[in-house]
Amino acid sequence: MYTLYSMRRSGNCYKVRLALAQLDIAYELVEIDILKGETRTPEFLAMNPSGHVPLLEIAPDRHIAESNAILWYVAGHTPLVPDDRVERAEVLQWMFFEQHSLEPSIGAAYFWLTLVKGGRDLQQHALEDWMQEGHRALGVMERHLARRDFFAAGRYTIADIAVYAYTHLAHQCDFDLAPFPAIRAWLRRVADQPGHVTMDQELVLTAAQ
């Protein structure tokens, strides 16, 4: 069985928990608090030298880091990843977009404004850039979703999971989604997918019971 090292309120960790739940894959969950330095211990760094969660242990002493790499691994050969070569590239396109455009803006704003005590004051200098880049990314997403229901392959895939994680938290960190009706409709479609779990939902391990 997999072991997932995860922080409940991390959007990157939520991606993996959501995919595992929707694929009905059992795993052991180890809660890690990055704010207490729990990813900087010698034991954790031996598993992942970058000191980040999520981290998936797939076998003794074998681990996969980086949320989107984990998504690609666990969802391979499932309906969440298309077989067609072009469609697979489309999925990766939006997963790269998420890490390049969403995570550094909305993800950073979410971390500092909602998780770190006093984070707004500490990062006041960065807020304008986060807002500008975040709204630019939301504009790209809005134009794309105005003509389709999901991001890639004409159906729900791990591209949607990757982009959903921080987008559905945007309202918690000063981003107003009212001007983005296509994004709001897409958020509802994602939440309606079979097996969907919320970020704070207690997960039940299926195969281990």
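The numbered conditions (1) in contact with a strand residue (DSSP E or B) (Cβ under 9 Å, 6 or more places away or on another chain); (2) loosely packed, with under 15 Cβ neighbours inside 10 Å; (3) of a type in the set (D, E); (4) closer than 18 Å to L20 by Cα are all true for D160 except (2). Restricting attention to the stretch 10-22, the residues that are assigned to a helix (DSSP H, G or I) and under 10 Å from the mean Cα position of the chain (by Cα) total 9. Just one of the listed residues (L80, L92) is part of a loop (DSSP other than H, G, I, E, B), among the hydrophobic types (A, V, I, L, M, F, W, C) and not assigned by TED's automatic domain parsing to the domain that holds E28, namely L80. Checking each residue in the stretch 23-77 for being over 19 Å from the mean Cα position of the chain (by Cα), in a helix (DSSP H, G or I) and small (G, A, S) picks out only A46. Please indicate, with yes or no, whether at least one residue in the stretch 25-45 is closer than 19 Å to H77 by Cβ, out of contact with any Asp or Glu (no Cβ under 9 Å at 6 or more places or on another chain) and either surrounded by fewer than 20 Cβ atoms within 10 Å (Cβ to Cβ) or not aromatic (F, W, Y) (or both). Yes; the residues of the stretch 25-45 include at least one that is closer than 19 Å to H77 by Cβ, out of contact with any Asp or Glu (no Cβ under 9 Å at 6 or more places or on another chain) and either surrounded by fewer than 20 Cβ atoms within 10 Å (Cβ to Cβ) or not aromatic (F, W, Y) (or both). Residue pairs whose Cβ atoms lie under 6 Å apart, sitting 6 or more positions apart in sequence or on different chains, and linking a residue in the stretch 72-89 that is under 11 Å from A159 (Cβ atoms) to a partner that is charged (D, E, K, R), are P82/R88.
The values are calculated or read from the model by the stated rules, or taken from the named source; none is laboratory data. These figures come from a predicted structure and were not determined experimentally. Note that we place each Cβ from the backbone using ideal geometry, even for glycine, and neighbour counts take in every protein chain shown.
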